1. Just the residues that are within 17 Å of Gln102 (Cα to Cα), out of contact with any Gly (no Cβ under 9 Å at 6 or more places or on another chain) and hydroxyl-bearing (Ser, Thr, Tyr), please, taken from the stretch 29-81.
2. Among residues belonging to the stretch 70-118 that are more than 16 Å from the chain's Cα centre (by Cα), among the hydrophobic types (A, V, I, L, M, F, W, C) and exposed (fewer than 14 other Cβ atoms within 10 Å of the Cβ), point out the one that is nearest to Arg20 (Cα to Cα).
Amino acid sequence: MPAHSSFDYAIIRVVPRVEREEFINVGVVLYCTTQRFLGARVEVDETRLKALAPDVDLETVRCHLDSFQRVCVGGKGSGPIGQLPQKERWHWLVAPRSTMLQTGPVHSGLSLEPQAALEHLLNTVVRVKRAS
């Protein structure tokens, strides 16, 4: 019987005006040591983001969010941070920063499959359920 693995995760936020401390959750980054998994899933609800910050540069936001995913994958083309060992990349991704792109506090969980946990978290904390 497969055992559950512990994982750590943080919510990725866009903070258009850092001084206002308003943000929108746009993704999740998840790290599972035992399964050697580091992944990020991102979905930007552009309508919600534009409602919060009408002047936000969506292309810049997308570019920075893409870098999160490249660092998770690592290897060539992921920049100097992407060349670091997986654990160090995780710590870099969740390090506190006061920029437009931030991660929330690190939380823990258990799962048989980190990819499924990542999708569940995206559904829970990023995607907004709309009334039918």
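The values are calculated or read from the model by the stated rules, or taken from the named source; none is laboratory data. Just so it is clear, the structure is predicted and the values come from calculations on it, not from any experiment. Positions of Cβ are generated from backbone atoms using ideal geometry, with glycine treated the same way; all protein chains shown enter the neighbour counts.
1. Thr60, the sole residue that qualifies.
2. Leu110
Every residue, every condition in (1) modelled with pLDDT of 95 or more; (2) exposed (fewer than 15 other Cβ atoms within 10 Å of the Cβ); (3) assigned to a strand (DSSP E or B), yes or no:
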site: Met1; (1), (2), (3): no, yes, no
site: Glu22; (1), (2), (3): no, yes, no
site: Asn25; (1), (2), (3): yes, no, yes
site: Val29; (1), (2), (3): yes, no, yes
site: Leu49; (1), (2), (3): yes, no, no
site: Pro54; (1), (2), (3): yes, yes, no
site: Cys63; (1), (2), (3): no, yes, no
